[in-house]
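Here's the structure we're looking at; comments come further down.
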Amino acid sequence: MGKTIAQKIIADHLVSGDMTPGSEVALRIDQTLTQDATGTMAYLEFETMGIPRVKTELSIAYVDHNTLQCGFENSDDHRYLQTVAAKHGVWFSRPGNGICHQVHLERFGKPGKTLLGSDSHTTTGGGIGMLSFGAGGMDVAVAMGGGAYYITMPKMFKVNLTGKLRPYVTAKDVSLELLRILSVKGGVGAIIEWGGPGVETLSVPERGTITNMGTELGATTSIFPSDHVTRAFLAAQGRVEDYVPLASDPDARYDRIIDIDLSTLNPLIACPHSPDNVVEVSSLKGQKVDQVCVGSCTNSSLLDLLKVAAMLKGKTIAPSVSLSISPGSRQVLTMLSDCGALSDILASGARVLECACGPCIGMGFSPNSGGVSLRTFNRNFLGRSGTKDGQVYLVSPETAVASALTGCITDPTTLEAPLAVTMPETFRVDDSGILPPAEPENAGNVAVLRGPNIKPFPVSKPLEDCLSAQVVLKVGDNITTDHIMPAGAKILPYRSNIPHLSKFCFQVCDPDFPARAKAAGNGIILGGSNYGQGSSREHAALVPMYLGVRMVIAKSFARIHAANLINAGILPVTFADPADYEKVSQGHQLTISHIADGLEAGSLSVQDADTGDTFRANCQFSPRQRAILLAGGLLNYTKEGGQ
């Protein structure tokens with residue numbers, strides 16, 4: 001039987017395991033990336049392992065999230081990252097050099113390689129034919145140390161593309177269409193491969209947008225073939241030697257095939273507060289817009305911003321709208337300047353921000369109270385923008401600009417002027433913003449500099465055989481890691497300070513949670529379906545662990561967050577009967593006995609002292625995962641000699 005693209009790369013990188021869907025496989029990782037919001041903790045974890053130098057082909061530390069330096073905290077973390085990277089063999093992308101996923105696609109991504117990043121949108125690398133996974137920082141630290149990355153072998157979905165996009169209909173609309181079809185949990189447990197004759201009509205930046213947004217489907221990752229389009233992009237970046245052709249076998253089998261005719265799509269928009277709340281832009285025609293943001297790792301490529309500049313040329317944005325543009329990399333910004341497109345953007349009244357994530361994670365440019373903000377980003381979760389009652393919509397750059405010009409939601413296909421923008425044959429290459437590490441013989445002379453905000457890694461406790469704990473919080477479906485551990489300019493500077501960060505845990509849902517969880521000593525959280533979707537931030541597991549949470553019982557979990565909970569020593573289990581979720585209330589005292597035997601059997605008995613009821617919780621873990629949980633987390637397991 002033939003193989004899919006992902007199955008071929010997995011087979012080439014298989015360290016152990018059975019490639020049958022549902023089985024655990026261990027993969028060799030070629031490259032890693034970190035960013036500063038998650039990277040500081042990842043390198044603290046790496047240092048704890050005591051490995052002197054990374055063992056990957058390439059590891060890069062990017063600074064692109066916490067670039068707003070309102071106090072010493074972010075600057076200190078950047079200094080720590082630069083010095084710890086130099087000492088341990090990691091390249092360092094300086095603040096202002098660009099967003100990790102955009103820069104990595106431009107300068108380092110290689111077809112057929114594996115990439116593990118401490119950011120859920122590492123999947124962007126699939127646009128160039130890499131098998132790219134988002135993960136928690138602890139998994140990335142292990143990979144940097146030469147350890148394998150463990151996942152459950154996914155199912156294989158294929159999206160078969162035909163036709164060609166019409167003018168002003170974009171790759172973002174393709175992503176939103178698939179979200180409309182599958183929802184934010186429809187890709188869970190699957191790798192999505194994009195194929196069909198329509199693929200060759202999409203550029204690498206457009207493919208990157210689509211694989212980036214695959215994360216919002218809950219998919220393990222997404223991937224495109226590596227073809228003549230890929231080769232042309234790499235050649236334009238001066239990296240043609242990195243090109244490797246990749247395609248699925250003609251007789252490859254898929255668990256599901258979805259057909260999308262590109263020529264039939266219309267501009268789409270995701271309404272508050274979920275990426276799958278998708279309707280056609282035309283259905284919201286005329287709704288007033290207060291703010292428009294173009295950028296993020298989803299839509300900040302040169303191709304995107306050349307289109308933005310072409311649409312803005314000679315025009316002025318509506319007086320009622322504030323428009324921000326965030327170029328994805330220094331390469332993008334420089335080339336916009338060189339060709340005059342930057343002047344067209346500035347002349348329109350737009351504000352050009354730093355080459356960083358910025359507004360996407362609430363790091364500045366928050367909307368006004370109750371304001372309507374159209375964003376070309378990948379997420380519109382409640383409060384993520386930094387304004388709790390902000391109404392955030394997700395759109396393409398073309399829809400964003402059309403709406404900025406008119407002051408209301410506008411279908412860009414109604415515009416008269418056609419767009420005529422093409423990719424350059426050669427990109428301007430300047431890697432001076434990426435610093436090499438010290439040579440191995442000089443690494444011992446590098447001093448790692450730590451600021452006072454960097455606190456020790458929290459210590460987790462081994463899992464006892466009997467747990468009696470209070471339900472300290474009960475939440476509903478689709479709880480995101482933004483709910484659990486918010487981002488934003490006020491909170492992100494404390495990513496390396498778990499004790500201080502704990503004050504903000506679950507404050508979106510319940511401001512009293514941190515104090516209540518800490519007072520309880522041991523705690524249990526109840527969740528609905530798709531618990532922990534969104535960002536890969538392991539802080540959403542480390543902070544609850546610090547607050548005493550020992551178990552999360554949910555209807556279902558998002559993949560990365562479940563792995564992060566295990567790594568933190570928190571037991572993630574699911575209701576055997578989802579109806580039992582309704583029977584347990586916040587404040588109830590639950591007791592779980594014979595945990596070790598239950599983990600072995602795959603089922604735990606949970607007794608509710610307040611009702612007298614007993615229910616079952618499923619816990620289907622691999623032998624390695626069981627050992628990690630019993631040890632109290634991945635670091636404890638590793639210290640004990642676990643592999």
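Every read-out reported here was derived from the displayed coordinates using simple, explicitly stated rules and does not represent laboratory data. Model, not experiment: these values are computed from the prediction. Please note: Cβ atoms are built from the backbone with ideal geometry, for glycine as well, and neighbour counts cover all protein chains shown.
General observations
- Peptides 432-439, 365-372 ordered by packing proxy, namely the average of other Cβ atoms within 10 Å per residue, highest first: 365-372, 432-439.
- In nm, spacing of pseudo-spin labels at Asp512 and Lys583 (7 Å Cα→C-beta vector): 2.7
- P(r) weight above 19 Å for the range 515-576, C-alpha pairs, percent: 22
- Relative compactness, the range 375-515, computed as alpha-carbon Rg over 2.2 N^0.38 Å: 1.63
- Spread over its residues, the convex hull of the C-alpha atoms of the range 5-264 is 130 Å³ per residue.
- Relative to the longest principal axis of the Cα atoms of the chain, the long axis of helix 330-339 lies at roughly 10 degrees.
- Cα convex hull of the range 194-281, projected area averaged across orientations, nm²: 7.4
- Working ranking of peptides 559-566, 441-448 by packing, defined as the average number of other Cβ atoms within 10 Å per residue, highest first, is 559-566, 441-448.
- The length gained on full extension between Asn368 and Phe457, counted as 0.36 nm times the residue separation minus their Cα-Cα distance, comes to 28.4 nm.
- Along its first, second and third principal axes, ordered by size, the range 457-505 spans 40, 30, 14 Å in Cα coordinates.
- Straightening the chain between Glu241 and Ser603 buys 125.2 nm, computed as 0.36 nm per residue apart minus the Cα-Cα spacing.
- Degrees separating the helix 36-49 axis from the principal Cα axis of the chain, which is the longest one: 40
- The coefficient of translational diffusion for the range 28-109, derived via Stokes-Einstein from the alpha carbon Kirkwood radius under 4 °C and 1.567 mPa s, stands at 100 µm²/s.
- Per residue, the convex hull volume that the Cα atoms of the range 386-455 enclose (Å³): 237
- Computed over the range 182-245, the Cα gyration tensor eigenvalues convert (square root of 5λ each) into semi-axes of 25, 11, 10 Å, ordered from largest to smallest.
- The angle between the Cα long axis of helix 204-213 and the main principal axis of the chain comes to about 30°, on a 0 to 90 degree scale.
- Helix-only mean residue ellipticity at 222 nm for the chain, each DSSP H run of n ≥ 4 adding -39500 (n - 2.57), per residue, nearest 500: -8000 deg cm²/dmol
- Over the C-alpha trace of the range 149-219, radius of gyration and Dmax come out as 12.5, 42 angstrom.
- Relative contact order (percent, whole number), the chain, Cα cutoff 8 Å, 6+ residue spacing: 15
- Solvent-free Debye scattering, log10 I(q)/I(0), computed from the Cα coordinates of the range 62-125 at q = 0.28, 0.29 Å⁻¹: -1.28, -1.31
- DSSP-defined beta bridges in the chain - what % are antiparallel, rounded to 5: 35
- Pair-distance distribution P(r) for the range 237-393, from all Cα-Cα distances in 10 Å bins starting at 0: 10, 31, 32, 19, 8, 1 percent.
- The orientation-averaged shadow of the Cα convex hull for the chain, equal to a quarter of the hull surface, comes to 26.3 nm².
- Working ranking of peptides 311-319, 228-236, 122-130 by packing, defined as the average number of other Cβ atoms within 10 Å per residue, highest first, is 122-130, 228-236, 311-319.
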